[in-house]
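Quick note: the coordinates plus some simple rules give every number you see, no bench work behind them. Just so we're clear, the structure is a prediction, and the values are computed from it rather than from any experiment. Using ideal geometry, Cβ is built from the backbone for each residue, glycine included, and neighbour counts are taken over all protein chains shown.
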Amino acid sequence: MIPLRDYRPSGIVPYVTLALIVLNAVAFVYTLTYSDRTLVPLDRCVWEQTFRQPAPGFDPLLYRRYGQGCLYLVTERDRFVIQYGLIPAEFWSGKDLPPLTPFPIWVTLFTAMFLHGGWLHLLSNMWYLWLFGDNVEAALGRGRFLVFYLLSGVGAALLQMAVYPRTTAPMIGASGAIAGVMGAYLVLYPWARVLTLVPVFFFVQLVEVPAFLLLGLWFVLQFLSGLVDRSAMGGVAWFAHLGGFITGALLVLVLKRREVVPGLVAWLRRRRSPWGR
């Protein structure tokens, strides 16, 4: 199911949401300035000896053709991603291996949030941020929303790295932080109607569904996908999505404006009240 729009106006100009979309787009365009054809050497031995894992971006076929001893080749763009992406083995060990980052390794928790692997990766993430971010920003306020977004991304990364602590594959993308926005939206506006594109065999239908159904189903699918793809060979950080969603759902209860009553909380109160039935 692909959400197209929601029917709950936020009543604000979502400056922070717009700024985050622009920052992600600028970061992606900057990544494109690095060549995906020019090859640069990296040292595989230091990675394998330190972590007992394959070096990031190591391609056996490319190595057999162009590699030499400890040196293997990656594109300039891949080198940039390895340098500024979040690598769990580096993060937990505190060891920054070449290509070195110009700051402490924990900062990659945040730089990785603004990197994307392709146009589809970027556009799909930014669409979900635009669709759900304005309402969450209105409920939290601009400053708190920015803090909320970054902390959701951190929560997403920590769960993914807890499940795969030794991997040397770089994690990139805003999807964990945006999953936090989706978790917050579910808590705040579970009954909001969302116009959704639903594929049925060779046809598509436009259906209005409540947010709790759309986002709840999304969460279940991420969970099941994570269980099936336990080797993470699909290249999708399923547990980052789960971690971000849960972090966002909890954080919104703490960071929301005082006068905002989350729809899920109001529903639970009515269920507990003897007069709510």
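Numbers at a glance
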{"item": "Residue match in region 191-210 (condition: in a helix (DSSP H, G or I) and in contact with a helix residue (DSSP H, G or I) (Cβ under 7 Å, 6 or more places away or on another chain))", "result": "no"}
{"item": "Some residue of region 212-229 being closer than 21 Å to THR167 by Cα and either in a loop (DSSP other than H, G, I, E, B) or among the basic types (Lys, Arg) (or both)", "result": "yes"}
{"item": "Residues located in region 9-30, provided they are small (Gly, Ala, Ser) and surrounded by fewer than 13 Cβ atoms within 10 Å (Cβ to Cβ)", "result": "GLY11, ALA19"}
{"item": "Pair list, Cβ < 6 Å and 6+ apart or interchain, from region 48-71 residues that are without any contact (Cβ under 8 Å) to a residue 40 or more places away in the chain and at negative phi to residues that are in a helix (DSSP H, G or I) and charged (D, E, K, R)", "result": "PHE58/ARG44; CYS70/ARG44"}
{"item": "Single unsatisfied condition, ALA27 versus (1) more than 30 Å from GLY133 (Cβ to Cβ); (2) in contact with a Ser or Thr (Cβ under 9 Å, 6 or more places away or on another chain); (3) of a type in the set (A, V, I, L, M, F, W, C); (4) in a helix (DSSP H, G or I)", "result": "(1)"}
{"item": "Unique residue being assigned to a helix (DSSP H, G or I) and touching a Ser or Thr at 6+ places or on another chain (Cβ under 8 Å) when the list is GLY133, GLY153, GLY143", "result": "GLY133"}
{"item": "Residue that is surrounded by the fewest Cβ atoms within 10 Å (Cβ to Cβ) [pool: residues in region 246-272 that are in contact (Cβ under 8 Å) with a residue 60 or more places away in the chain and farther than 27 Å from PHE223 by Cα]", "result": "ARG257"}
{"item": "Residue check for GLY226: within 13 Å of the chain's Cα centre (by Cα) and closer than 21 Å to MET113 by Cα", "result": "no"}
{"item": "Region 37-76: number of residues that are buried (at least 19 other Cβ atoms within 10 Å of the Cβ) and not in a loop (DSSP other than H, G, I, E, B)", "result": "7"}
{"item": "Residue in region 165-174 that is touching a Leu at 6+ places or on another chain (Cβ under 9 Å), closer than 22 Å to PHE91 by Cα and not in a loop (DSSP other than H, G, I, E, B) present", "result": "yes"}
{"item": "Residue within region 88-106 that is over 18 Å from the mean Cα position of the chain (by Cα), part of a helix (DSSP H, G or I), surrounded by fewer than 24 Cβ atoms within 10 Å (Cβ to Cβ) and basic (Lys, Arg) present", "result": "no"}
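Quick grid of which residues meet (1) surrounded by 23 or more Cβ atoms within 10 Å (Cβ to Cβ); (2) touching a Leu at 6+ places or on another chain (Cβ under 6 Å); (3) within 21 Å of ASN135 (Cβ to Cβ); (4) basic (Lys, Arg):
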{"position": "ALA179", "(1), (2), (3), (4)": "yes, no, yes, no"}
{"position": "LEU188", "(1), (2), (3), (4)": "yes, no, yes, no"}
{"position": "ALA192", "(1), (2), (3), (4)": "no, no, yes, no"}
{"position": "GLN205", "(1), (2), (3), (4)": "no, no, no, no"}
{"position": "SER225", "(1), (2), (3), (4)": "no, no, no, no"}
{"position": "VAL228", "(1), (2), (3), (4)": "no, no, no, no"}
{"position": "PHE239", "(1), (2), (3), (4)": "yes, yes, no, no"}
